[in-house]
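The values are calculated or read from the model by the stated rules, or taken from the named source; none is laboratory data. None of these values were measured; they are calculated from a predicted model. Heads up, the Cβs are rebuilt from the backbone with ideal geometry, glycines too, and the neighbour counts pull from every protein chain shown.
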Number of protein chains: 2
Amino acid sequence: MGQMLIGVDFGATNVKIGCFDLQLQLIDHTSVTTHADQGAEAAVERIAAASEQLVHDVGGSAESIVAAGIGTPGPADYQNGIIINAANLPFRNTPIRQMLSTRLNCPVAFDNDANVACWGEFTAGAGKGVSDMIFVTLGTGVGGGIISGGRLIHGCGGNSAEIGHIIIVPDGRLCGCGQHGCVEAYASASWTAERAKEALEAGEASSLEALLNRNGGITCEDVWQHRQKGDALAERITDETARALGMLCVSLLHVLEPCRIVFAGGMIAAGQVLLDRIRHYFDEQIWTMKKEPLEIVFSSLGEDAGITGAAGLGRELLKSSSLQG
Amino acid sequence: MGQMLIGVDFGATNVKIGCFDLQLQLIDHTSVTTHADQGAEAAVERIAAASEQLVHDVGGSAESIVAAGIGTPGPADYQNGIIINAANLPFRNTPIRQMLSTRLNCPVAFDNDANVACWGEFTAGAGKGVSDMIFVTLGTGVGGGIISGGRLIHGCGGNSAEIGHIIIVPDGRLCGCGQHGCVEAYASASWTAERAKEALEAGEASSLEALLNRNGGITCEDVWQHRQKGDALAERITDETARALGMLCVSLLHVLEPCRIVFAGGMIAAGQVLLDRIRHYFDEQIWTMKKEPLEIVFSSLGEDAGITGAAGLGRELLKSSSLQG
């Protein structure tokens, strides 16, 4: 094997590690437990050892690793490669990029997990071939990343693309962030389930009621499943989620004029029906002045977007250092 | 005099032309009538002749002009420097950049008028010193420009920063663009006046009523003036405009994380009271998770932002060509 890239997707519980060739083709991947409680140095050592093992297993050596990238939960100081105070991680002021770079003896790129996954889709997934793309993750929260003119947008403090906190309803639902009317408070997985629960508690009839009584709660997946079986409430809740996301697409188009918006995250398991409805509500709400060729699609890399993007950002470092050298 | 830059702000009625030194200090300025009906070649000749005269008047010669820039009403093909079908201009498929470059014998930059003014504020006005800035023009419509990481954002077709068409109210007021609930349909100068007019027609008492009866219409300036004199309706209308703009700032902050949002255009004549209220409603609506150091300010270049930014973009061309050369 020739030169290889390592991509690291650093989560609070698990760390996913991928080994890629320079064309960003995944060769093999592995994962290790984060054990954040054992400290950052131990975590970096575990990641580096697993990376080297992975490379060995596919016929390479430690020297085959020419660059790496790592994505972590934000916020962090991305310019200086330091985890300051990440959500769900006990690390404080940890120079993770330098630590991993020293240990692997290669340049290491560092960005937040959403930006890294965004870069993965952009370079090797559903965003391939365009210059301007917005990546929207639909999970417990709504987050994302922005590519403009082929570059990741970071904002002045590395905290741009907090897409879930665009306000879509004045004085609307209270979001976990303290704002009212955030798109997240309507269209995330947890709030979609919550809206269904509220409707049940308000006395609306639905096949979801028995489930709520049995389990004490319902999930977004429950809503999708009951919609498929023809439940009217689940139908309406799905529709409202799609409408909020269609409206989000309209506003994002006008701010950044992407050619493509890529939705990702657990919620896209809802499948084609969700995608079709987001497109429908985009078409319904967008201006009539002219017709933009915006494509609205689902992620194609799924869970591998993070490791792919991390390795891809490592490759960018390599390119820029070879240009400068 | 040494080397000079020419900045051209090309409007449907008048063309403003500024002559700048390489530090982007305005040396002198002039204007010519557009006479778009006489065709693009005649317009370019008039602009070039006026530019040369301007340079002569301050002690230079045609050879002193080392670069120029021009901003025109959109939409256009900015990458290729072609006016395709600009609003209020009869030019079609006009390679304006090349025409002016040939005539002035220097590199010419080309962008839409809002981006050019945005670049002016960024390099020499209220946006100086930051890396990420959003420029919002409040006039008949609401438009703008975006600087991210020190660069203008263009989107995939040169039509980003259509900031006025972010939707802030689902199923809200019908905007001229065909959408419902655009920020422009609440907070532009014309819609601010329109909202006041509607309230009067609905029977609300106000000192604006006599004005409406006398003139058959009211303007945004009338609203500001009557607010100053203590009129309650004018007070409420001003407040609603500021609230919509505060909400816009919240959403823009979350998408792009600018350090500064710069408001410009005729409406900022409302003065400090409007700025204070926008800031107030931003503070009221922004999340409580953390405190971003966003500054909300008014334009400092006013009418000169366009010529300054056009000259500034010309200077960028010069820099990049000297780097490549």
Show me the helices (runs of 4 or more DSSP H) entirely contained within the range A:149-250 in which 2 or more residues are of a type in the set (A, V, I, L, M, F, W, C), within 14 Å of another protein chain (Cβ to nearest Cβ) and within 30 Å of residue B:252 (Cα to Cα). A:184-187
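Which members of the range A:1-36 meet the condition of being farther than 16 Å from residue A:72 by Cα and at pLDDT below 95?
So the first thing to find is which residues in the range A:1-36 are farther than 16 Å from residue A:72 by Cα, and the list is A:1-5, A:19-30.
Listed by number, the residues that qualify are A:1, A:2.
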Taking the range A:87-111 and keeping only residues that are surrounded by 16 or more Cβ atoms within 10 Å (Cβ to Cβ) and either outside any loop (DSSP other than H, G, I, E, B) or outside the structural domain of residue A:67 (by TED's automatic domain parsing) (or both), one is left with A:94, A:96, A:97, A:99, A:100, A:101, A:103, A:104, A:108, A:109, A:110, A:111
Identify the single condition in (1) farther than 25 Å from residue A:159 by Cβ; (2) in a strand (DSSP E or B); (3) not hydroxyl-bearing (Ser, Thr, Tyr) that residue A:69 does not satisfy, given that it satisfies every other one. (1)
Can you tell me which residue within the range A:269-294, out of those that are within 14 Å of chain B (Cβ to nearest Cβ) and surrounded by fewer than 15 Cβ atoms within 10 Å (Cβ to Cβ), is farthest from residue B:175 (Cα to Cα)? A:293
Would you check if residue A:262 is surrounded by fewer than 21 Cβ atoms within 10 Å (Cβ to Cβ), within 30 Å of residue A:18 (Cβ to Cβ) and at pLDDT 95 or above? no
Looking at the range B:109-116, can you tell me whether even one residue there is away from every other protein chain (no Cβ under 14 Å), more than 16 Å from the chain's Cα centre (by Cα) and not aromatic (Phe, Trp, Tyr)? yes
Matching entry among A:313, A:318 (being closer than 30 Å to residue A:79 by Cβ, assigned to a helix (DSSP H, G or I), at pLDDT below 95 and not assigned by TED's automatic domain parsing to the domain that holds residue A:161): A:318
Give the residues of the range B:231-248 that are charged (D, E, K, R) and in contact with a Phe, Trp or Tyr (Cβ under 8 Å, 6 or more places away or on another chain), sorted by residue number. B:240, B:243
Scan the range A:131-139 and tell me whether some residue there is touching a Leu at 6+ places or on another chain (Cβ under 8 Å), at the interface with another protein chain (Cβ under 10 Å from one of its Cβ atoms), more than 18 Å from residue A:165 (Cβ to Cβ) and in contact (Cβ under 8 Å) with a residue 60 or more places away in the chain. yes
Counting only residues in the range B:72-85 that are free of Cβ contacts under 8 Å to residues at least 24 places away in the same chain and part of a loop (DSSP other than H, G, I, E, B), the one nearest to residue B:6 (Cα to Cα) is identified as B:80
Of all residues being acidic (Asp, Glu) and at negative phi in the range A:124-175, which is modelled with the highest pLDDT? Just the residue, please. A:132
